[in-house]
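The values are calculated or read from the model by the stated rules, or taken from the named source; none is laboratory data. No experiment lies behind these values; they were computed from the predicted model shown. For neighbour counting, all protein chains shown are included, and Cβ atoms are generated from backbone atoms with ideal geometry for every residue, glycine included. These accessible areas exclude ligands, DNA and RNA; they are computed on the full protein's heavy atoms, side chains included. Shrake-Rupley method; radii C 1.70, N 1.55, O 1.52, S 1.80 Å.
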Amino acid sequence: MATETQVHVGLEGIVAAATRLSSVDGQAGELIIAGFPLERLAPFATFEETIFLLWNDHLPSQTELAELRQSLASQRQLPALTLEVAQQLGREQADPMDALRAATATLTPLADEKATAQRIVAALPTIVAAYWRARNQAEFIAPRSDLSHAANYLWMLTGNEPSAEQVRALETYLNTVVDHGLNASTFTTRVIISTESDLVSAVTGAIGALKGPLHGGAPGPALDMVFEIGTADRAEEVLRAKLARGERLMGFGHRVYKVRDPRAEVLAGAADQLFANDGNRELYELVRHVEQTAIRLLEEHKPGRKLQTNVEFYTALLLHGINFETDLFTPTFTISRAVGWIAHAFEQRAVGRIIRPQSVYTGERNRTWVDVAER
């Protein structure tokens, strides 16, 4: 007699990889990135330091950091085809993630995988900026080799020298979202690499996974809700009405975290610093008030659900504070997360075994063939 096979829908509870890259503890509200609690890394590291850390398992020396910076800066110019695809899709007003996926797919893998990794990471900000400028009928702004990864991205988007506060805010964001367990896009990366495919294919596939709204999400609606509220005295009225209609409060609740998302904690601190010197402080204070009101009302309406602030809530505020439009949010997330994807690809490559789970057949058996003339 055949035994019944348990199906873990969505692979819930299945451990599919061992990794040194990140650890997510939803009950404790803890995120470890390559040995560092997030709050000890994200606000202090440059993004280049985080890249080196994930790919090499230690912080870089001054020489190692300078070499990585120089190497990435030297590869920011795009191949002609890649630039053409990004700009054409921008002119056509294509979805930004469609454009990023299509342009990334035109990159050519190199014989050396670490060189390919650097090529991808260096190219992604230029792809996004080229698309964005073309979409807005603006001239392409060439990358600069004298700026950091984050600062150069801001430069290419606007043509304006970014402030130190803007660069620090963006670097903190990029560091915060660089890796987060075995999520859908990271698992996609590992599956593709496990077939002995290349990094460009793996990252392209991961971008496709990230585009899905159940994974990449959309931080914009969290800020839209704050703008709808407008003033602190309206927060309770508007939020109560949303809950009464059965609407979800955007920026609250997470599949893993049952306490406040540690990424939200770090990004709230980054927003506090940014808006103290370079932004609308009244908006920051309104966001904090909306957050406190929402948490109180969620506990009242859905007791025991533990719906706390997630990463989307302060992502929206922080990226708005550095003048990003909503459609730039997910592509900017991709610029960071690609570093984590590649680090996972290196790990999976070392495992050297194809990922091949089983399935349970639920269809009919012993059907009889009927010729088409008799159907």
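Of all the listed residues (Glu282, Glu265), the sole one being at pLDDT 90 or above, part of a helix (DSSP H, G or I), within 22 Å of Val177 (Cβ to Cβ) and open to solvent by 40 Å² or more (accessible area, probe 1.4 Å) is Glu265. Whether any residue in region 238-260 is more than 30 Å from Gly352 (Cβ to Cβ), in contact with a strand residue (DSSP E or B) (Cβ under 8 Å, 6 or more places away or on another chain) and of a type in the set (D, E, K, R) is what I want to check. So far as region 238-260 goes, yes, one or more of its residues are more than 30 Å from Gly352 (Cβ to Cβ), in contact with a strand residue (DSSP E or B) (Cβ under 8 Å, 6 or more places away or on another chain) and of a type in the set (D, E, K, R). The set of residues in region 1-37 being surrounded by fewer than 20 Cβ atoms within 10 Å (Cβ to Cβ) and of a type in the set (Gly, Ala, Ser) consists of Ala2, Gly10, Gly13, Ala16, Ala17, Ala18, Ser23, Gly26, Ala28, Gly29, Gly35.
Under 6 Å by Cβ, and 6 or more places apart or on different chains, what pairs join a residue from region 129-140 that is part of a loop (DSSP other than H, G, I, E, B) with one that is open to solvent by 40 Å² or more (accessible area, probe 1.4 Å) and at pLDDT 95 or above? Partner pairs satisfying both residue conditions: Phe140/Arg133.
Against the numbered list (1) assigned to a helix (DSSP H, G or I); (2) modelled with pLDDT of 90 or more, Gly246 comes up short only at (1).
Would you be able to tell me the number of residues in region 68-125 that are assigned to a loop (DSSP other than H, G, I, E, B) and under 16 Å from Arg144 (Cβ atoms)? Result for region 68-125: 4.
Considering region 325-355, and only residues there that are free of Cβ contacts under 8 Å to residues at least 60 places away in the same chain and not in a helix (DSSP H, G or I), the residue that is nearest to Ala222 (Cα to Cα) turns out to be Glu325. Screening the candidates Gln77, Gln87 for the property of being open to solvent by 60 Å² or more (accessible area, probe 1.4 Å), over 22 Å from the mean Cα position of the chain (by Cα), within 19 Å of Leu157 (Cα to Cα) and touching a residue at least 12 places away in the same chain (Cβ under 8 Å) yields one hit, Gln77.
Remark: pairs (first residue in region 57-69, more than 23 Å from Arg20 (Cβ to Cβ); second residue outside any helix (DSSP H, G or I); Cβ separation under 9 Å; 6+ apart in sequence or on different chains) = Ala66/Pro60; Arg69/Thr46; Arg69/Ser148. Just wondering, is there one or more residues in region 207-218 that are part of a helix (DSSP H, G or I), within 30 Å of Ala338 (Cα to Cα) and charged (D, E, K, R)? Yes, the conditions are met somewhere in region 207-218. Of all residues in region 38-50, none are within 24 Å of Arg260 (Cα to Cα), at pLDDT below 95 and surrounded by fewer than 20 Cβ atoms within 10 Å (Cβ to Cβ). Please verify whether region 236-248 includes one or more residues that are hydrophobic (A, V, I, L, M, F, W, C) and open to solvent by less than 10 Å² (accessible area, probe 1.4 Å). There is at least one residue in region 236-248 that is hydrophobic (A, V, I, L, M, F, W, C) and open to solvent by less than 10 Å² (accessible area, probe 1.4 Å).
Per this entry, Ile295 is counted among residues that are of a type in the set (A, V, I, L, M), in contact (Cβ under 8 Å) with a residue 12 or more places away in the chain, more than 30 Å from Asp98 (Cα to Cα) and assigned to a helix (DSSP H, G or I).
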